[in-house]
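Reviewing the structure listed below.
The values are calculated or read from the model by the stated rules, or taken from the named source; none is laboratory data. All of these numbers come straight from a predicted model, not from anything done at the bench. Heads up, the Cβs are rebuilt from the backbone with ideal geometry, glycines too, and the neighbour counts pull from every protein chain shown.
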Amino acid sequence: MRVVEPVVELARGLATTLRMIFGEKPVTVQYPEEKRPVRPRFRGRHVLKRYDNGLEKCIGCALCAAACPADAIFVEASENTDEARYSPGDRYASTYEINMLRCIFCGFCEDACPTEAIVLGDNYELSFTSRREAIYPKEMLIEPVPPGGQPTPQKTPPGVFTRSVPEMKDSQD
Ligand code: SF4
Ligand code: SF4
């Protein structure tokens, strides 16, 4: 009896091993060639959004910086003119930086933004080799100009883009 029991257990263990080798599909994902889709509410690297015409949604109000519990955001605003317009309204973010070493990806900045300019996207490929590189400037964060839009700064007709915060279709969004 003492000899049979370990042999039976050994056989069961080997059977499990063989079943996993020949009977199961591998679960390994061949990253980076193959990427798993992220969850719908995943919070990844920030993106600064633009309107369809290419103007920047960020108006430099710094509410995101005020809401950030990790003090990770730095915003400096400058004045728009109709000759050189970056965003609707009076001001735009001439400097916008996020320190990714401080960020805890809580999403408070996204919630605080009145123009839905800052959004946590689905990019999780954050890598840097120094503290300086961990500070992502506006040039890294802003999305490309959409098709049909124009890069900023734009020359715009007077009196058209006076409103900083757009009319929202659904204020509960
Ligand atoms: S996700 Fe949270 S911690 Fe990161 S920048 Fe936004 S508010 Fe700050
Ligand atoms: S991202 Fe939004 S909250 Fe932050 S400065 Fe720009 S407009 Fe204001």
query = What strands (runs of 3 or more DSSP E), lying completely within region 57-173, carry at least 1 residues that are within 16 Å of ligand 1 (Cβ to nearest atom) and over 19 Å from F42 (Cβ atoms)?
reply = 73-79, 91-99
task = Scan region 81-94 for residues that are surrounded by 19 or more Cβ atoms within 10 Å (Cβ to Cβ) and either under 22 Å from the mean Cα position of the chain (by Cα) or without any contact (Cβ under 8 Å) to a residue 24 or more places away in the chain (or both) and jot them down.
result = Y86, S87, Y92, A93
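Kindly check whether there is at least one residue in region 32-40 that is surrounded by 10 or more Cβ atoms within 10 Å (Cβ to Cβ), within 16 Å of ligand 1 (Cβ to nearest atom) and not in a loop (DSSP other than H, G, I, E, B).
Looking for residues that are surrounded by 10 or more Cβ atoms within 10 Å (Cβ to Cβ), within 16 Å of ligand 1 (Cβ to nearest atom) and not in a loop (DSSP other than H, G, I, E, B), one finds none in region 32-40, hence no.
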request  = Inspect all residues belonging to region 140-148 and state whether any of them is of a type outside the set (D, E, K, R), more than 14 Å from the chain's Cα centre (by Cα) and within 14 Å of ligand 2 (Cβ to nearest atom).
outcome  = no
ask   = Can you tell me which residue in region 101-116 is surrounded by the most Cβ atoms within 10 Å (Cβ to Cβ), limited to those that are under 15 Å from F74 (Cα atoms) and within 16 Å of ligand 2 (Cβ to nearest atom)?
value = C109
remark   = Per the filter on region 54-69, residues more than 8 Å from ligand 2 (Cβ to nearest atom) and in contact with a strand residue (DSSP E or B) (Cβ under 8 Å, 6 or more places away or on another chain) are G54, L55, E56
request  = Give me the pairs, please: first residue somewhere in region 137-154 and among the polar types (S, T, N, Q) and modelled with pLDDT of 95 or more, second residue anywhere and surrounded by 12 or more Cβ atoms within 10 Å (Cβ to Cβ) and not in a loop (DSSP other than H, G, I, E, B), beta-carbon distance under 9 Å, and either six or more positions apart or on two chains.
outcome  = T152/R50; T152/E56; T152/R85; T152/Y92; T152/I142; Q154/R85
task = For residues that are away from ligand 2 (no atom under 16 Å from the Cβ) and hydroxyl-bearing (S, T, Y), scanning just region 25-53, find the one that is modelled with the lowest pLDDT.
result = T28
ask   = On the given criteria, is G149 touching a strand residue (DSSP E or B) at 6+ places or on another chain (Cβ under 8 Å) and either surrounded by 10 or more Cβ atoms within 10 Å (Cβ to Cβ) or more than 17 Å from K57 (Cβ to Cβ) (or both)?
value = yes
ask   = For Y136, which of the numbered conditions (1) surrounded by fewer than 17 Cβ atoms within 10 Å (Cβ to Cβ); (2) out of contact with any Gly (no Cβ under 8 Å at 6 or more places or on another chain); (3) more than 24 Å from D52 (Cβ to Cβ) fails to hold?
value = (1)
